[in-house]
Amino acid sequence: MKHLLMKRILAALLALLLACTVCACNSEQDAQLVDTNSSESNPAVIRINGKDDLYRNQFIELFDSAATQVQTLYGVDLTDEANVEVLKNVRDQCIAAYVTKRVEILKAQELGLDQLTQLEIEQAAEEVNKQYEHYRQQFYDQLVEQGMDADALVDQVMEQYGVNAVSLSSDVQTTLILDKLKAHVLENFQATEEEYEAVYQDALENQKETIQAEASAFVSYWNGGVLPLYRPQGYYAYTWVLVPIDAQTMTTLNQLKAQGDESYDAQLQKALEKILPQAKQAAEDIAADPAKFEQYRSKYGMGDNFDSENLPQNQGYCIAAGGVFNQAVADAAQALETDGAISALVAGTNGYYIIRREGAIQSGEMSYDQAKVVIRSYADASLRETAYNEQVMKWIEETEIEILYENMQ
C-alpha cells in the first residue's frame, strides 16, 4: 500500500514538474541568464549536447519547489532519514522533467516551430486569466468550506502553492510552442483497432484489480461517469427526490462541520425541521400516487452532485457502503427489496430523501464490442499522448545528456 501511494505521489509530482519547469529555459533571455549565473560556486548540473544547460542554483530552486509540494500535498517529511529514497526519487523526477521539456524545446527550435504570432500570444494570455480565476475560486471555496476567512487568505494561499498570474503566464509561449510540436508529430497519427482493444483490456484489468481490492471503487466508477467495464454482483441503481436544505444554510453547516464545531448536529436538526413540512407533503403525495415521484424529482432534483437528466448508464446512481451518502440514506436504499419500491422519508445531511430502487446493475465484464464506442472516444487522446511520448523518448535517447550529480551538493 505504501509503495502504491508513493507511485501515485511521484506520478502526480512528474505531472506537476512537467508543467512547472518549462519556464526555466524557454527563451534566449534564459540562456543569457544561465551564462551570467555560471561560476565556480554555481557549476553546471546538466549538460545537453556538450553545453552547460542548468546550473546548481536553478536546480535547487526546482528541487525545493518539488520537495515543498510533496511535503505540503502528501504529508511526506523529506527531512526524515527514513524517506531518503523518496528524496532521491524527487530529485530524479526533477531531472527527468527538466530534460524532457528541454529536449522538446530544442527539437521545436530545430524544426522552426518556435515562432508565435501576436494573436496566439494574446489568446493564450486570455486563457491564463481564465485559469487564474478558476484556480482562485477553487482555493476560495475550499477556504470557505474549512470555515476560514477566504477574502483575507485566498491570495496568500495561492502564493504558497505558487499559483499567481505571473507563474501561470510565464510559460505561455513555451506551452504554445510545445503544442505546435505535438501537432506536427501527430499530424498523420491514426490508432489501430489492436491499439483500441489493448486500451480496453488494460482498463478492464485495472478496474477488476481496483474493485476486487476495494469494492467501493465500483461505486465511484459508476457514479463518477467512468464506464464500468467490470461490475461485481449485488449492486443496485437508485434515483431519489431530495427536498434540500437551502444553499445559505448548507454553507454554514459545512463550515461548522469542517471546524468540528459541537453545534453542528443541533444546527443540522434545526435546518431539517424547517423543511420537514414540505418533505412530508412530498412523501405523502408519492405514497398515494407513485407516479408523482417523477413530478417531485423534476421539482426538487437530486442534489447539486447528481444530474437527474443524465443518470449513469441511463439507469440510476449506485448507493452502497463507502459511497458519498450517509449511513441512514444507504441503509434506506438497501432496505428496498423490489424494483420500483419507494422509501419513506429519510433524513440526510443536506435534506430529506425519498428513494426509489430502479433495478439490479448487471454484473460481469463488458465486452469490447459493447464498450468500443466509448473506449474509442477517450482512447484517442491517450493513444496520441503515448505516441508523442514515445517520440520524445527517442529524441532524448538521441541527445547527449550529462547529469553531474556531484555538482548538485
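Identify all residues within the range 123-134 that are closer than 16 Å to Lys180 by Cβ and surrounded by fewer than 16 Cβ atoms within 10 Å (Cβ to Cβ); write none if there are none. First the steps, then the outcome.
Kept after step one, since they are closer than 16 Å to Lys180 by Cβ, are these residues of the range 123-134: 123-124, 127.
Passing the criteria: Gln123, Glu127.
Please verify whether the range 264-286 includes one or more residues that are exposed (fewer than 14 other Cβ atoms within 10 Å of the Cβ), without any contact (Cβ under 8 Å) to a residue 60 or more places away in the chain and in a loop (DSSP other than H, G, I, E, B).
The answer is no, given that none of the residues of the range 264-286 is exposed (fewer than 14 other Cβ atoms within 10 Å of the Cβ), without any contact (Cβ under 8 Å) to a residue 60 or more places away in the chain and in a loop (DSSP other than H, G, I, E, B).
Please work out which one of (1) in a strand (DSSP E or B); (2) surrounded by fewer than 18 Cβ atoms within 10 Å (Cβ to Cβ) is the condition Arg376 fails and give its number.
(1)
Is it fair to say Glu337 is charged (D, E, K, R) and more than 20 Å from Asn254 (Cβ to Cβ)?
Considered against the rule, which asks whether it is charged (D, E, K, R) and more than 20 Å from Asn254 (Cβ to Cβ), Glu337 comes out as yes.
If a residue has to be surrounded by 15 or more Cβ atoms within 10 Å (Cβ to Cβ), modelled with pLDDT of 90 or more and closer than 20 Å to Thr386 by Cβ to count, how many in the range 192-229 make the cut?
Counting residues in the range 192-229 that are surrounded by 15 or more Cβ atoms within 10 Å (Cβ to Cβ), modelled with pLDDT of 90 or more and closer than 20 Å to Thr386 by Cβ gives 8.
From the list Glu309, Glu365, exactly one residue is modelled with pLDDT of 90 or more and acidic (Asp, Glu). Which is it?
Of Glu309, Glu365, the one residue that is modelled with pLDDT of 90 or more and acidic (Asp, Glu) is Glu365.
Is it the case that some residue within the range 95-112 is charged (D, E, K, R), touching a Cys at 6+ places or on another chain (Cβ under 6 Å), modelled with pLDDT of 85 or more and assigned to a helix (DSSP H, G or I)?
In the first step, residues of the range 95-112 are kept if they are charged (D, E, K, R); the result is 101-102, 104, 107, 110.
Remaining after also requiring touching a Cys at 6+ places or on another chain (Cβ under 6 Å): 102.
When the remaining residues are screened for being modelled with pLDDT of 85 or more, the result is 102.
Those left that are additionally assigned to a helix (DSSP H, G or I): 102.
The answer is yes; a qualifying residue exists.
What single numbered condition from (1) surrounded by 13 or more Cβ atoms within 10 Å (Cβ to Cβ); (2) modelled with pLDDT of 95 or more; (3) not β-branched (Val, Ile, Thr) fails to hold for Ala332?
Result: Ala332 passes all but (2).
The values are calculated or read from the model by the stated rules, or taken from the named source; none is laboratory data. Just so you know, these numbers come straight off a predicted model, no measurement behind them. Neighbour counts are summed over all protein chains in view; Cβ atoms, including those assigned to glycine, are modelled from backbone coordinates with ideal geometry.
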